[in-house]
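Structure first, commentary second.
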Amino acid sequence: MHSVFSLQRALRVGTRVCAALVLALAGQGAGAAGGTGAYPLDWGRAGETLQYRSCGCADRCWVAEVKHQRSRKTLATLRCDCERLFARVGTSGPEVERSPTCSAIDDGVNKPRAIREALEQMLGR
């Protein structure tokens with residue numbers, strides 16, 4: 001009789017552990033597929049921020065935006081869709097393909113610096 005209760009208790013504990021593992025792994029997969037939250041890159045201009053976020057493709061899909069700090073107005077956007085590089089100045093300007101590949105930025109020694117320099121060039125700085 002004692003072994004039956006022990007077996008039932010062990011099965012309940014095992015079920016809870018399996019459920020916890022499934023939930024934990026599902027959360028990791030969602031993060032990997034969906035990219036990361038935005039975080040700041042070095043910009044060095046008072047009153048402006050440079051935010052970067054990954055959207056997947058092993059960090060080959062990403063968006064970098066320069067924003068006015070107080071108004072949150074987007075001044076420029078540079079993004080890679082896993083293959084091509086796109087740019088936009090302002091919020092109402094057209095998005096244009098800047099390059100058929102993102103390799104000049106993605107494969108460089110210092111990706112954050114390459115992003116910053118491209119955005120500075122776009123903004124004429």
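Every number here is computed from the coordinates shown, using simple stated rules; none is lab data. Since the model is a prediction, treat every value here as computed from it, not as a measurement. Cβ sites come from the backbone with ideal geometry, for glycine too, and all protein chains shown count toward neighbours.
Given R₀ = 25 Å, FRET efficiency for ALA46-GLU117 by Cβ-Cβ distance, to 0.05? Let's see the in-between values first.
Numbers: r = 19 Å, r/R0 = 0.75.
In this case the efficiency is close to 0.85.
Ranked by Cβ crowding within 10 angstrom, fewest neighbours first, how are ARG125, ARG45 ordered?
Taking fewest neighbouring Cβ atoms as first place, the list is ARG125, ARG45.
If R₀ is 25 angstrom, what is the calculated FRET efficiency for the pair THR36 and ARG72, using the beta carbon separation as r and rounding to 0.05?
Efficiency at R0 = 25 Å is approximately 0.80.
Once you charge only the Cβ atoms, +1 for Lys and Arg and -1 for Asp and Glu, what is the size of the charge dipole of the stretch 50-125 about its Cα centre, to the nearest 20 debye?
460 debye
Only counting other Cβ atoms within 10 Å, I'd like SER71, SER92, SER99, SER54 sorted with the fewest neighbours first.
Lowest to highest Cβ neighbour count: SER92, SER71, SER99, SER54.
Hey, fewest Cβ within 10 Å first, where do TRP43, TRP62 land in order?
Lowest count first: TRP43, TRP62.
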